[in-house]
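Comments concern the structure below.
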Amino acid sequence: MKHQKKEDGTWNVKVRVSHKRDVAYISTPFFVVKGELNRKYEIVDDIIQTEVTNYVNDMRKALIELGVYVESFTAKSLAVYLKTRSLRGIKDKNAEKDKRLENKKELESSLSKLDDAGKKDSSGVLYSDVTGGIASKLVTCLLLKTIKS
């Protein structure tokens, strides 16, 4: 919004939520400068536009998941729900990243034990291509099994 320019010369990108002829706004984690806007204060920077579009699409998916229950919300309560859900999504993504890092550390530790025991085999090669998920757990199990034998 034109009148909400911050002292540092940026604007926070807002998402407008309209529901039952009522309007509410959601602040996003995105900020733009004058050069990234056109005369109508629309985003013209492709990178920021893509990020904002992805952010809004995640909110649309949340609305679809609500189904008919969306009718029990007001515009303001819907905005709060969507904002809370988007923040939870950010936390979930960070938790996934932390879990992948934890798995990687476990694998590095297991690989180090193999090196120390002189029992390194082709499992070590497989490890270098795996960074997270079920595959890393499988490799960890294989590595630990190799260490025990």
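Computed from the coordinates by the stated procedures, all read-outs in this text should not be read as laboratory data. Since this is a predicted model, take the numbers as computed values, not measurements. Cβ sites come from the backbone with ideal geometry, for glycine too, and all protein chains shown count toward neighbours.
Summary table
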| quantity | calculated |
| --- | --- |
| Estimated inter-spin distance, Asp8 and Gln49, nm [label 7 Å along Cα→Cβ] | 2.5 nm |
| Label point 7 Å beyond Cα of Lys76 along Cβ direction - residues of segment 2-31 with amide nitrogen under 18 Å | 15-27 |
| Hz values of 3J(HN,Hα) by residue in segment 57-70 - Karplus curve (6.51, -1.76, 1.60), Gly and Pro given as x | 4, 4, 5, 4, 4, 5, 5, 4, 5, 5, x, 5, 5, 4 |
| At R0 = 35 Å, FRET efficiency that the Cβ-Cβ distance of Lys61 and Lys40 yields, to 0.05 | 0.80 |
| Relative contact order (%) - segment 2-97, alpha-carbon pairs under 8 angstrom, separation at least six | 25 percent |
| Distant-in-sequence amide H partners of Phe31 (H built 1.01 Å from N, under 5 Å) | Val13 |
